[in-house]
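The values are calculated or read from the model by the stated rules, or taken from the named source; none is laboratory data. Being a predicted model, the structure only gives us computed values, none of them experimental. Cβ sites come from the backbone with ideal geometry, for glycine too, and all protein chains shown count toward neighbours.
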Amino acid sequence: MLIYGHRGARGEAPENTLPSFRKALEAGVTRVELDLHLSSDHQLMVIHDPTLKRTTGIKGKIAAHTAAQLMRLDARLGLPGWAEPCPIPTLEQLFRSCPEFDHYQLEVKSGSAAQSRRVMAAVTPLVAEFGLQDKVVITSSSRTLLRHVQQQGYGLPTGLVEEYGFLDPVKSALRYGCRFLVLNWKLCTPARVAQAQREGLHVSVWTVNEPQLMLRLRDMGIDSLITDVPQLAMQVLGEAPDATR
């Protein structure tokens, strides 16, 4: 079973910052999940919320600031008590700073039709520049974004992020040509995991921080788990993050 660090190592360093991603690597976890928003000048910023308040303490939207402005802000409020400033990184910075990562789940947080075009126009050349076509999956809960990627033929795999399961998650993922099904752990059952895997889907489950839950999901046969505490996950599961099931 594979292990992905959630926003780097969200429980161990300020989320979606370079120190957080390095924490995951220090734990031996070489796969990571992260969130993307566009700046006003259409640069891909690694941050979860569409607004700045929770992680920086500053009011305002990501989309109202340039990348240069956002990179000067300190995002360490995501983990109180962190000693050093943690700027909001761009995706390009992450790719350059942490080439050790074997795989990225790039979750696109907003998904209007226009936004989908802009995000993919920014992601595609960046992935190509770093030669990461086989090391990324574009994930989203936005059907609009997933449909856009499916129809435009970007050549990058996609994954459906499913939190509530109002519709059959497996059927939804297949409808949009996804390769990954990224499930809230509460939606996981042995039958659903088996159904997804029969259809060729990689089942990735979030956010898994408790040891007993890690072991239960492993026994359920999931393909990967996403955790805030990669160091703990490595200790509990006792296997390398790039091992295969």
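Take the residues in segment 140-172 that are hydroxyl-bearing (Ser, Thr, Tyr) and under 17 Å from Glu199 (Cβ atoms), then tell me which one is surrounded by the fewest Cβ atoms within 10 Å (Cβ to Cβ).
Ranking the candidates gives Ser172 first.
Taking segment 92-112, which residues are within 19 Å of Val29 (Cβ to Cβ), touching a residue at least 40 places away in the same chain (Cβ under 8 Å) and not in a loop (DSSP other than H, G, I, E, B)?
Leu94, Ser97, His103, Tyr104, Gln105, Leu106, Glu107 - these are the residues of segment 92-112 that are within 19 Å of Val29 (Cβ to Cβ), touching a residue at least 40 places away in the same chain (Cβ under 8 Å) and not in a loop (DSSP other than H, G, I, E, B).
Return yes when Arg198 is free of Cβ contacts under 8 Å to residues at least 24 places away in the same chain, basic (Lys, Arg) and within 23 Å of Leu237 (Cβ to Cβ) and no when it is not.
It is false that Arg198 is free of Cβ contacts under 8 Å to residues at least 24 places away in the same chain, basic (Lys, Arg) and within 23 Å of Leu237 (Cβ to Cβ).
May I ask you to list the residues in segment 194-241 that are assigned to a loop (DSSP other than H, G, I, E, B) and farther than 16 Å from His6 by Cα?
If the condition is that a residue be assigned to a loop (DSSP other than H, G, I, E, B) and farther than 16 Å from His6 by Cα, then Glu199, Gly200, Leu201, Gly221, Ile222, Gly238, Glu239, Ala240 are the ones that fit.
Within 25 Å of Leu225 (Cβ to Cβ), in contact with a Pro (Cβ under 6 Å, 6 or more places away or on another chain) and touching a residue at least 24 places away in the same chain (Cβ under 8 Å): does that describe Val32?
no
Among the residues of segment 96-112, which ones are at pLDDT below 95 and out of contact with any helix residue (DSSP H, G or I) (no Cβ under 6 Å at 6 or more places or on another chain)?
Selection gives Lys109, Ser110, Ser112.
Going through segment 20-44 one residue at a time, which ones are more than 13 Å from the chain's Cα centre (by Cα) and more than 30 Å from Arg216 (Cα to Cα)?
Leu38, Ser39, Ser40, Asp41, His42, Gln43, Leu44
Could you tell me which numbered condition Gly177 fails, if it satisfies all but one of (1) closer than 22 Å to Arg118 by Cα; (2) without any contact (Cβ under 8 Å) to a residue 24 or more places away in the chain?
(2)
Just one of the numbered conditions (1) closer than 20 Å to Val29 by Cβ; (2) touching a residue at least 40 places away in the same chain (Cβ under 8 Å); (3) crowded, with 18+ Cβ neighbours inside 10 Å is not true of Val136; which one?
(2)
Can you tell me which of (1) touching a Gly at 6+ places or on another chain (Cβ under 9 Å); (2) among the polar types (S, T, N, Q); (3) touching a residue at least 40 places away in the same chain (Cβ under 8 Å) is the one Gln115 doesn't meet?
All conditions pass for Gln115, except number (1).
Might you let me know whether segment 220-237 holds any residue that is among the acidic types (Asp, Glu), surrounded by 19 or more Cβ atoms within 10 Å (Cβ to Cβ) and either out of contact with any helix residue (DSSP H, G or I) (no Cβ under 7 Å at 6 or more places or on another chain) or under 29 Å from Arg22 (Cα atoms) (or both)?
Within segment 220-237, one or more residues are among the acidic types (Asp, Glu), surrounded by 19 or more Cβ atoms within 10 Å (Cβ to Cβ) and either out of contact with any helix residue (DSSP H, G or I) (no Cβ under 7 Å at 6 or more places or on another chain) or under 29 Å from Arg22 (Cα atoms) (or both).
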